[in-house]
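First comes the structure, then the notes that go with it.
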2 protein chains.
Amino acid sequence: MRIATKERAYNNRSYSAAVRCARILARNRESIAVRSDDLAAANLTRIIDATLRLSNKKGFHSTTVRDLAKASGLSMGGVYSYVASKDALVSMILGEVLATVDEVLAAPPPEVAADPRVHLRWIIEAHIRLSDAMEPWFVFCFMEAKSFPSRERRMSVEAEAMTEGLIGAIITRGAAAGVFDIGEAGLSAALIKPLLQDWYVKRAKYRRRGTTIEDYIAAVTGFAERALAAKPLEARRRA
Amino acid sequence: MRIATKERAYNNRSYSAAVRCARILARNRESIAVRSDDLAAANLTRIIDATLRLSNKKGFHSTTVRDLAKASGLSMGGVYSYVASKDALVSMILGEVLATVDEVLAAPPPEVAADPRVHLRWIIEAHIRLSDAMEPWFVFCFMEAKSFPSRERRMSVEAEAMTEGLIGAIITRGAAAGVFDIGEAGLSAALIKPLLQDWYVKRAKYRRRGTTIEDYIAAVTGFAERALAAKPLEARRRA
DNA sequence: GCGCGCCGAGCGAGCGCTCGAAATATAAAT
DNA sequence: ATTTATATTTCGAGCGCTCGCTCGGCGCGC
């Protein structure tokens, strides 16, 4: 019955459940029996909100469709007029996360992409802020990935590789430009990825520590820049 | 029916499933009906090996006791004369991992503990090698932690905090001695932990990349030392 | 009064777990 | 050495329950 009301925003865009679910509805319009867009969007939001909330507490597999029906204020049959099967829920959620990650991370502002050091800072901050704004979605995808249906599992592996590829490309360009000093770009990118994920994977720990998202972004940025031996931005051109 | 035969060793100690299960048997002797130690150890090993193998493939919750019975070559009843319940399996596996982590990481050789830089290198290597030698065990504990029974979940949170505390203490001592230059030791320790875990959490990725464990240890060590601005070991005493 | 949306009892399947009997190993008696 | 008695270990059909999912009918707004 309860629904997420907190407006999650970042980068002048809204990452609220309502907006995400409207997009999911649009993408799956033909497989949803209910005609009214407003009604369908509202109820789909309740269902997906319940799925994320309950799954992240006790696991997707332990969350029953009856649980979801009760938590979203619908009946069993009601749920099934929005969602073809339990697996289809996985597909909807994962699809929306992957689409959003792709939209946000693969499209840096042009002035950012010019300098690898700026680009690195930007992608670190963008990833952490996006995963923060859509925390339950990211947690769901991370924790349930290994028990996803095979198509969905393949998709999430690919997406992980894509993100890492973006970071690797930045590091490679930075090394070529002489602003990073690092052995293997791929391995460094592979090591930065878990730093970005830890914010949502172990969110409770950081909350307990009193670490804010600004603290965390600063810490990861500093950590990564020192590890990559990044030359300071102020002293770009030197002999 | 199949049983892990690969002998996993490191640090002159064996971390094979057989040795781990013998310890589990000793710790749970009174709750296991079978009298013969040899028989009990052999069958318990089959059961736990099957549990780790199947759970890590499709999740503990989706792994049925019938699956475990078939995979370990016993009947339903047979399994239950070694394991009181499905939850008891979780407790056995987690208990053994926590005990082993504690034994290994909390007891560095005396010559290592003297210098924070050596100590840091040692704990990074020890953690990665241990988690490698007991990979399925670590993967199980990490992936299933959030759906553990409450007692077990509390234990694993405590253990994570303990490991991080060890790393934090090393960094604090190093900063006091002037060999590390870092803002907050706790946050740095929190960021090193996911680097250690990534080796087993995303093992498939590193296998695909062709990264060996030596590569990985070297990369994490270098990454962490640069991030902590560690002074090189050769130039310890300087004005 | 028609149709969109919702309901919830019911279906077959599969779950964790039990328990008395069968099978086997060990000890004792002859 | 053979039989008998006892203890130990294994077995798997069956119990009660919950699961994902279906479907015929009901209510309510146009």
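The values are calculated or read from the model by the stated rules, or taken from the named source; none is laboratory data. Predicted model only: the values in this text are computed from it and were never measured. Backbone-built Cβ (ideal geometry, glycine too); neighbour counts: all protein chains shown.
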Condition check for B:SER85: within 16 Å of DNA strand D (Cβ to nearest atom), without any contact (Cβ under 8 Å) to a residue 60 or more places away in the chain and farther than 22 Å from B:GLY59 by Cβ:
no
Hey, A:MET134 surrounded by 17 or more Cβ atoms within 10 Å (Cβ to Cβ) and more than 14 Å from chain B (Cβ to nearest Cβ) or not
yes
Among the residues of segment A:155-214, write down those that are in a helix (DSSP H, G or I), at the interface with chain B (Cβ under 9 Å from one of its Cβ atoms) and over 29 Å from A:LEU52 (Cα atoms).
A:GLY186, A:LEU187, A:SER188
Leading residue by the ranking (nearest to the other protein chains (Cβ to nearest Cβ)) among those in segment A:227-239 that are touching a helix residue (DSSP H, G or I) at 6+ places or on another chain (Cβ under 9 Å) and farther than 21 Å from B:GLU164 by Cα:
A:ALA229
Among the residues of segment B:180-217, which ones are closer than 20 Å to A:GLU225 by Cβ and aliphatic (A, V, I, L, M)?
B:ILE182, B:ALA185, B:LEU187, B:ALA189, B:ALA190, B:LEU191, B:ILE192, B:LEU195
With the checklist (1) over 17 Å from A:PHE223 (Cβ atoms); (2) within 12 Å of chain A (Cβ to nearest Cβ); (3) more than 24 Å from the chain's Cα centre (by Cα) in hand, flag the one item B:ILE217 doesn't pass.
(3)
Do the conditions hold for B:GLU144, that is, is it more than 8 Å from chain A (Cβ to nearest Cβ), in contact with a Gly (Cβ under 9 Å, 6 or more places away or on another chain) and either in a helix (DSSP H, G or I) or surrounded by 20 or more Cβ atoms within 10 Å (Cβ to Cβ) (or both)?
yes
Determine whether segment B:105-124 contains at least one residue that is more than 22 Å from B:LEU228 (Cβ to Cβ) and either in contact (Cβ under 8 Å) with a residue 40 or more places away in the chain or within 16 Å of DNA strand D (Cβ to nearest atom) (or both).
no
Which of (1) within 12 Å of DNA strand D (Cβ to nearest atom); (2) touching a residue at least 24 places away in the same chain (Cβ under 8 Å); (3) out of contact with any Phe, Trp or Tyr (no Cβ under 7 Å at 6 or more places or on another chain); (4) not β-branched (Val, Ile, Thr) is the odd one out, the single condition A:GLY73 does not satisfy?
(1)
Selection from segment B:187-210 of residues that are farther than 21 Å from B:LEU105 by Cβ and within 20 Å of the chain's Cα centre (by Cα):
B:LYS202, B:ALA204, B:LYS205, B:TYR206, B:ARG207
Being surrounded by fewer than 16 Cβ atoms within 10 Å (Cβ to Cβ) and within 14 Å of chain B (Cβ to nearest Cβ) is the filter; apply it to segment A:18-66 and report the residue that is farthest from the chain's Cα centre (by Cα).
A:THR64
Residue tally, condition closer than 14 Å to A:GLY73 by Cα and either within 14 Å of DNA strand D (Cβ to nearest atom) or touching a Pro at 6+ places or on another chain (Cβ under 8 Å) (or both), over segment A:27-48
2
Restricting attention to segment A:57-93, the residues that are part of a helix (DSSP H, G or I), modelled with pLDDT of 95 or more and away from DNA strand C (no atom under 13 Å from the Cβ) number exactly 8
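Results for (1) within 13 Å of DNA strand C (Cβ to nearest atom); (2) part of a helix (DSSP H, G or I), shown as yes or no for each residue.
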position	(1), (2)
A:VAL19	no, yes
A:LEU25	yes, yes
A:ARG35	yes, no
A:THR45	yes, yes
A:THR51	no, yes
A:GLU96	no, yes
A:VAL101	no, yes
A:VAL104	no, yes
From B:ALA190, B:ALA229, grab the single residue that is in contact with a Phe, Trp or Tyr (Cβ under 9 Å, 6 or more places away or on another chain) and modelled with pLDDT under 95.
B:ALA229
